[in-house]
Structure formats: C-alpha cells, structure tokens
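The values are calculated or read from the model by the stated rules, or taken from the named source; none is laboratory data. In this text the structure is predicted, and so the values were computed from the model without any measurement. Positions of Cβ are backbone-derived with ideal geometry, glycine not excepted, and every protein chain shown enters the neighbour counts. The area values use the complete protein model at the heavy-atom level, side chains included, leaving out ligands, DNA and RNA. Shrake-Rupley method; radii C 1.70, N 1.55, O 1.52, S 1.80 Å.
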Amino acid sequence: MESYLNENFGDVKPKHSSEEVLKRWRSLCGVVKNPKRRFRFTANLSKRYEAAAMRRTNHEKLRIAVLVSKAAFQFIQGMQPSDYSVPKEVEDAGFQIDADELGSVVESHDLKKVKFHGGVDGIASKLATSSTDGISTNNETALIRRQELFGVNKFQESEARSFWLFVWEALQDMTLMILGACAFVSLIVGIVMEGWPVGAHDGLGIVASILLVVFVTATSDYRQSLQFRDLDKEKKKISIQVTRNGYRQKMSIYDLVPGDIVHLAIGDQVPADGLFLSGFSVLIDESSLTGESEPVMVNAQNPFLLSGTKVQDGSCKMLVTTVGMRTQWGKLIATLSEGGDDETPLQVKLNGVATIIGKIGLFFAVVTFAVLLQKMFGRKLLEGSHWSWSGEEAREVLEYFAIAVTIVVVAVPEGLPLAVTLSLAFAMKKMMNDKALVRHLAACETMGSATTICSDKTGTLTTNRMTVVKTCFCMNVKDVSKPGDASALCSEMPNSVLKTLLQSIFNNTSGEVVATKGKKREMLGTPTETAILEFGLALGGDFQAERQAGKLVKIEPFNSTKKLMGVVLELPEGGLRAHTKGASEIILAACDKVVNSNGDVVSMDETLRNNLNATIEQFATEALRTLCLAYMDLENGFSPDDAIPLSGYTCIGIVGIKDPVRPGVKESVALCRSAGVTVRMVTGDNINTAKAIARECGILTDDGIAIEGPVFREMSQEEMLKVIPKIQVMARSSPLDKHTLVKQLRTTFNEVVAVTGDGTNDAPALHEADIGLAMGIAGTEVAKESADVIILDDNFSTIVTVAKWGRSVYINIQKFVQFQLTVNIVALVVNFASACVTGQEPFSSCSTILSTVFQFSHIF
C-alpha cells in the first residue's frame, strides 16, 4: 500500500505543488460518496482559473489607467479645469469634495483633477483634515458622519454558511441517498404487507440512522467552519501608524477614514487609496494590482498610492482618500475567489487510503449482494417457484441490496481525509493560544517533520529590548549603562563633537520621538533606532529642534545588503552634510578621518584604525551589537538624484547596544537538539557578537563553525557541501545568503527547513523554506504574507511549541488511522460474514444503525 500511495499520491508537496499534480491525485480518487464534503478543504482549481482570468482583466484596466494618466500629464497645462459641484449633503457636513470625486482622482491617476482641487494640500483641506495633525475625532458625531459619507475601510466578506447548508451538504452522500430510497420502498412495501406500525419498523429504522448521521456530520462541519472563520479574522489583523488629533498612534487599518494621515515604511501594505504628502525614495510594488513587476516611484509628481500594494523602499506620509469597497483593491477582492489553500500531503495520502478501502468495500458489497441473491435463487429453484415472485420476496431482494449499500457505508472511510483537517484545525486553535498564528494549514503538518530551524538573532533569541551600554567617542571608551552616565559623558565631550553627534542621531534615523495622548514622549521605530534615540535624549538632545534646524535633502533607508543607512542634510548655517550609520566594520572602512581625544578631526592612520577595530571586537565579545556613526561635509554640492557617497567619511564614534537573551531560549535549543532538530543562527550582526550570543543560547558547540555571509557566498559548490552541515552561526549575512543556505539544506541535504524572518528582503527565504516563520511584532506585512506561520510574540520558545504541536498532529492522526482502519475492517468482515453465512433479513436495519456508529468515528 505504501508504494502505491507514494507512486500515485506522493507528488503533492507542502508548498508550491503544480496544478498538474493537484489534478492528477483528484482523478485517481474513486468511490467518493460525498465529493462536496470530502473535498471541502482542498483547493478549488476551477475557481482559481476564474480568479486568474479576472485578475488579468483588472491588471489590464489599471495598466491602461496608468498609461492614460501619463499621457494626460503632458497636456495638463493647456487644459481648462473641469466643472465640479459639491453635493449639498457633503457641503453641509463641512467637506468640499465627495467620495466619488476622490475615488476618480486616484483610480484614474488624474493629475488634472489633483491640480484643480489645489494639489494634495488642497484636497486635505477639502476633507477637513490637517497634513500635520490629521483629523480630529473629539466630536464622535462628526466622525460617524465622515464614515457615512465616505465609507469605512472594510471589505465585503462572503456570508457565513448556515447550519442548514451543512445539513444539505451531508445529505449529498450517494450511499445515504440510496439508503433513503431503500427506506422509502421498504416503508411502502412493509405497510402494504404487514400494515402500520409493524411494517414500518425497518424503513423508519433506516431513516432514523440516516438523520442521525446527517445531523452529527453537519454539527461537526459547522463547528469546524466557525473555528476557521475565527482564524481568518486573526490573519487579517493589521495595524498601521496614523496621525490623529495631533499625535501618532497605532490603529487597525479597518478604522481608517478618508482624511487620515498614514505613515508608511518599508514592508508596509498600503491600507487604502491615497495621495503622497511627503517622504523619500518611495518605491511601490503594484504587481498585486497591475501585474507589473517593475516597482513604481511615488513622489509629488506621481502622488497616487493604491490599496493592497506594498512599500518596497523608502518611507512617506499618505493622505487617505478612498477606503473599503470604493478602492481598487476592494473591488478586486470582491470579485475574486482564491480557490482555497492547497491540500496537505497527509490529506492527499489519506484520500488514497480511503480510495483503496472504498474499492475493497465496493467489491465486498457486490459479492455480498451476489451471494445473497444466489442463495435466494437456489432456494426458489429447489422449491420450483423461480418463475413466481411475491411482494415479500421483492422486499427480501430490497433488503439484500440495503445490506450491500450498508457495507459500502461502513467500509468507505469518507471521514479519513477530514480527520487530518480536524486535527490540524484543533492544533491551529491551540497554537493561537500559544502565540502562533498559522496562515497555511499544511504548516502545522510540516512543522512536525522539521529537522532544521534557521533563526534570526535579534528579537527571536534575544528580548529586542535594546539599550546603549558602552560608547567610544573621541577615542575614549565609556560605560553608560547606569542612569546619569550619559550626562557625565556629555560634560566630558567637546561641544562641537556633541553637536555633530546629536545631529547624526536625530536626523539619520528611521525612528521618531513623538508626543502621544497626554503629551507623553514616545519613541517609534525599530528597537535599534529607539535605543539610539533614547541615548540621544539622555545626552540632552531635542529631537524636534534638531529636525527643524536642518532640512533633509535625501534619505537612503537601512539596507540589509549594504548594512547601512544614510541622509544628506542642509545645515542651518549653509552647506550640505551627509550622515551615515550601520555595521561598525563597514562604516569604519568608509572613513578616512576620525575625531580624536581633543575633539579635532584628524586623518585616520593605521594605529587609530586598529584601536577602533579592537574596540569593536571588545564590544562584540561582550555580546553587544555595535554601530558606527560618521559624517561628511559635501563641499562640492549634492543633487537629490545622486547616490549618497560610500567613502570619505569622518568617524564620530561607536556605540555598543545590549540586547539580552530571552529567558528559556537555552532550554528550548537543548530540547530541539534532543529531538533531532538542528538550530542555526542566521544574523546580520558582527560575527563576534553572534558567536557570543550563540554560545549563551547553546547553539554554537565545539564541533560547529561560525561563518560570515561574504565568505559563504564566495564559496564554490563543493566547498559549500563540506561546510554547510557544520554551520551553526552565519553572521553579516544578506537575505541572499539566507536564501542560498535554505535552498542548499532543502535540495542537497534533504532537510525539512523552518526559517524565521522579519524584513521585506526575507520574503524569498520564507517562500523557499518548508515552513516560513514571520515575526508578529518586528515583522513587516510583506514578510508576514510570505510566511506560513506568524510568531506573535517573536519568541524562539514559541517556534519550539509550534514544532511540538506539529509532531502531536502526526501522532494523533496515526492513532486515529489505526482505530479507523480497525473499525472499518471489522465492520466489513462482520457485515460480509453475517450476510453471507446467515443471510438473515432483519440484519439489514441493524447494520444500517451500526453504520451510524462508525460514521461517528469518521467525524471525531
């Protein structure tokens, strides 16, 4: 049986199975009593074809709209503004533009209309909002009125299926239909022959059995559908940074209204249609809408942002103009059906088992019916009455047929594939309680087979609560871990150096210091950024004052390949200055000058460079994350179209950031090792920092090796094959290095690989892995969409819990299959033997009632 299943049903993979493979196993399934129920949790391929065709149509419409808008832009200056009158109800509510006009502006990429309404600021004014403070929600009535006029940011969902629909589906079982027909005939013949109520006993017994099976099946399926609906709601929970009432706050995308000011960063999904207000280097991936793989640059000249697209690079502020079903994304998902998730390999194999047993059951049913008929004909031949048939004998033949059908009901384990779904659904619910949100059903199953976990360091193995504890400025190393240490450092530092340092900290950052409700100060951004900002505030800096003093000319956000970020700043006193920050050894290599102990800028000789490198290594061996800050005055000018220089900088100093290891990680790593699962750390950090943390977690052992990404990527295939089995730590790795490692482990070493990721650039590795694990707190929306499981608390111990649940699924299903096959075989043998040996008529209704009991086992 195993070889048959592997040959015919073994081609389906946990991820990315081809449509040919999915079609093939369906065509091999035979003896299906109720296709609607048996294949409920398999992909609907016909709906996928419809969705693909509809998506292509929408792509073409949007592409034409974009092309038309580009062509129209050339003639804007020579065209007269179109007439537009504000509807009275909109004007009475305090707005100067209605929802239809707003929708047409963004949907058609109509720059002429944007200009006619006074640009983006003019549209903001007409929406009664401020581009700096956002809308005011102090008046609840006004907010409700805004929602009534412009809509809410919610999408149309398919209606929940009622319990009676599941009852109807359960009645579609072919064998139950046949038994129902048998019950009807038995009822009529019985009443005619024996009268009421004696003649109705057999028929009503069969009807009662059918109803019991139908209602128990429908109840189980209905409860399961509610469970999946709850999980789908969890999957759709997305938060975004919004400015309302003059302060930044995090809120659900479903609470957005036109007029809201949304802050977007790399990896975010655009939550509604809108217009660009301000930002730098914004690249938008519109492939989900237009089908175009080339990212679109969004700026003041092309300010249109479409719901459902992804921010590939840069950051910006957006004015929300259209929400919910009025957006292109809302219209798209209203007409498309994804056709469901691919079925899991175990589901497919159990469908194969059900098919084999079903064929055996059908064979025995036919043989049983033939044997019973042969006995009857033999008896009639001996009596010489084979040419005359009474109503009682016709009823006897009917009961023989009912016995045969009952054998098929009992023998075919229709609920066997559904048992996998039930078990996986139960595991998904339990994992949700354990802070793991499963996006794809197959991930529960696959995680139980994982042999390797490639984990990030920051936030997964560590707490992600970062603080600056050591510094090296003016070539002096200082401990700043205690309160007041930063103030002491400030007093020792020359004013010119302190001024440059604060300028670098508060301008060259993707984070922000904002006022929250109650005028409390809050830092927004990644843990690394907030640690640096907190250090800047401890030095006596003022974020808003620094930001207002200069003007940002260009921003290049942090790039996980280059391991740095940079800005160009127009100084208050005139002139341009570039600031850069990133991996210490990379930034230090870009510096040719340094600030010495006297606060003077001097040329960096070999001695000074060696001292700084030694400081970096010292910080790293203490498990500190190191960052280097540097600047350069751009005396020859700078154009925003130019790239920020990569060399010629002056080193300001180095900071060491402490990120403690999470409690329980060492025990979880030891548990993985004892269970045969290898844990590897893949991080972008310094190799010495990575090794120190890995030893503390128990990942790096004496027989393992730590390697840097640049060294790994330069290796030949033969060298990789020798090194990969021993790799326990990969430091300074790029997303491509992670992808290469995962691919080699899966294809060359046949490992089942689970990979963690949080950034946009981690998406290829998450997609390549057998199980992609995205971080729920630090992860971007792009990473989450590419993942199979979202770790809601970013904790490595949760990953181990997911693996435990994956293994428990296998154990539970194994036990169920053993029980199910035992029950089916015994029931088959008992029915067959009783029918053939005794041939007793009353056994028909008893067998039908017995089959109901076995249907319970199919369900539970």
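Taking segment 94-104 as the region of interest, how many residues are on the phi < 0 side of the Ramachandran plot and either surrounded by fewer than 16 Cβ atoms within 10 Å (Cβ to Cβ) or not hydrophobic (A, V, I, L, M, F, W, C) (or both)? Steps first, please.
Quick first cut of segment 94-104, residues on the phi < 0 side of the Ramachandran plot only: 95-104.
The next check asks that each one be either surrounded by fewer than 16 Cβ atoms within 10 Å (Cβ to Cβ) or not hydrophobic (A, V, I, L, M, F, W, C) (or both); those that pass are 96, 98, 100-101, 103-104.
Count: 6.
Taking the conditions exactly as written (among the small types (Gly, Ala, Ser), buried (at least 19 other Cβ atoms within 10 Å of the Cβ) and out of contact with any Ser or Thr (no Cβ under 6 Å at 6 or more places or on another chain)), does ALA218 satisfy them or not? The answer is yes for ALA218.
Given the criteria small (Gly, Ala, Ser), part of a helix (DSSP H, G or I), crowded, with 20+ Cβ neighbours inside 10 Å and within 39 Å of the chain's Cα centre (by Cα), does ALA620 qualify?
Working: small (Gly, Ala, Ser): yes; part of a helix (DSSP H, G or I): yes; crowded, with 20+ Cβ neighbours inside 10 Å: yes; within 39 Å of the chain's Cα centre (by Cα): yes.
So ALA620 passes the test.
Select from segment 650-677 the residues that are open to solvent by 40 Å² or more (accessible area, probe 1.4 Å) and over 30 Å from LYS581 (Cα atoms) and list them in ascending order. Selection gives PRO663, LYS666, GLU667, ALA670, LEU671, ARG673, SER674, ALA675, GLY676.
Of all the listed residues (GLU140, GLU89, GLU148, GLU107), the sole one being open to solvent by 20 Å² or more (accessible area, probe 1.4 Å), touching a residue at least 40 places away in the same chain (Cβ under 8 Å) and more than 13 Å from THR321 (Cα to Cα) is GLU89.
Just so you know, in segment 789-806 the residues that are in a loop (DSSP other than H, G, I, E, B) and open to solvent by 10 Å² or more (accessible area, probe 1.4 Å) include one that is nearest to THR463 (Cα to Cα), and it is ASN795.
Looking only at segment 78-93, filter to residues that are small (Gly, Ala, Ser) and modelled with pLDDT under 85; which one of those is farthest from ASP110 (Cα to Cα)? First the steps, then the outcome.
Just the residues of segment 78-93 that are small (Gly, Ala, Ser), to begin with: 78, 82, 85, 93.
From the residues that got through so far, the ones that are modelled with pLDDT under 85 too are 78, 82, 85.
Details: GLY78: 15, SER82: 12, SER85: 17 Å.
It comes out as SER85.
Looking at segment 260-308, the strands (runs of 3 or more DSSP E) lying wholly inside it that each contain 1 or more residues that are within 19 Å of PHE150 (Cα to Cα) sit at 261-264, 273-285.
Taking every residue in segment 768-787 that is closer than 16 Å to LYS237 by Cα and pairing it with any residue that is modelled with pLDDT of 85 or more and β-branched (Val, Ile, Thr), at least 6 positions away or on another chain, the pairs with Cβ-Cβ distances below 6 Å are ALA774/ILE790; MET775/ILE791; GLY776/ILE790; GLY776/ILE791; LYS784/ILE790. From the list ALA142, ALA72, ALA128, the lone residue that is at pLDDT 85 or above and either closer than 25 Å to TRP329 by Cβ or part of a loop (DSSP other than H, G, I, E, B) (or both) is ALA128.
Going through (1) farther than 30 Å from LYS691 by Cα; (2) open to solvent by 30 Å² or more (accessible area, probe 1.4 Å); (3) in contact (Cβ under 8 Å) with a residue 12 or more places away in the chain; (4) in contact with a helix residue (DSSP H, G or I) (Cβ under 9 Å, 6 or more places away or on another chain) one by one, GLU635 falls short only on (4). Within segment 673-723, can you find the residues that are under 15 Å from ILE453 (Cβ atoms), touching a helix residue (DSSP H, G or I) at 6+ places or on another chain (Cβ under 7 Å) and not in a loop (DSSP other than H, G, I, E, B)? If the condition is that a residue be under 15 Å from ILE453 (Cβ atoms), touching a helix residue (DSSP H, G or I) at 6+ places or on another chain (Cβ under 7 Å) and not in a loop (DSSP other than H, G, I, E, B), then VAL679, MET681, VAL682, CYS697 are the ones that fit. The set of residues in segment 117-137 being under 11 Å from ILE97 (Cβ atoms) and either surrounded by fewer than 19 Cβ atoms within 10 Å (Cβ to Cβ) or in contact with a Gly (Cβ under 8 Å, 6 or more places away or on another chain) (or both) consists of GLY118, GLY122, ALA124, SER125, LYS126, LEU127, ALA128.
Being among the aliphatic types (A, V, I, L, M) and at pLDDT 90 or above is true for just one of MET475, MET523. Which residue is that?
Details: MET523 fails: at pLDDT 90 or above.
Result of the check over MET475, MET523: MET475.
Give me the strands (runs of 3 or more DSSP E) completely within segment 467-575, filtered to those with at least 3 residues that are within 25 Å of ASP685 (Cα to Cα), ordered by residue number. Step through it out loud before you land on a result.
Values: elements: 467-473, 476-479, 512-515, 521-524, 551-559, 564-570.
Once the strands (runs of 3 or more DSSP E) in segment 467-575 are filtered for at least 3 residues that are within 25 Å of ASP685 (Cα to Cα), what remains is 467-473, 476-479, 551-559, 564-570.
Scoring LEU736 on the criteria (1) open to solvent by less than 10 Å² (accessible area, probe 1.4 Å); (2) within 21 Å of PRO764 (Cβ to Cβ) leaves a single failure, condition (1).
Is segment 533-548 home to any residue that is under 22 Å from ASP762 (Cα atoms) and open to solvent by less than 10 Å² (accessible area, probe 1.4 Å)? No - not one qualifying residue is present in segment 533-548.
Would you pick out the residues in segment 273-292 that are hydrophobic (A, V, I, L, M, F, W, C) and under 26 Å from LYS554 (Cα atoms)? Can you show your working first?
Within segment 273-292, the first condition is being hydrophobic (A, V, I, L, M, F, W, C), and the residues that meet it are 275-277, 280, 282-284, 289.
Within segment 273-292, LEU275, PHE276, LEU277, PHE280, VAL282, LEU283, ILE284 qualify.
Of all residues in segment 151-188, those satisfying the criterion of being surrounded by 17 or more Cβ atoms within 10 Å (Cβ to Cβ) and either part of a loop (DSSP other than H, G, I, E, B) or under 35 Å from the mean Cα position of the chain (by Cα) (or both) are GLY151, ASN153, PHE155, PHE166, VAL167, GLU169, ALA170, LEU171, ASP173.
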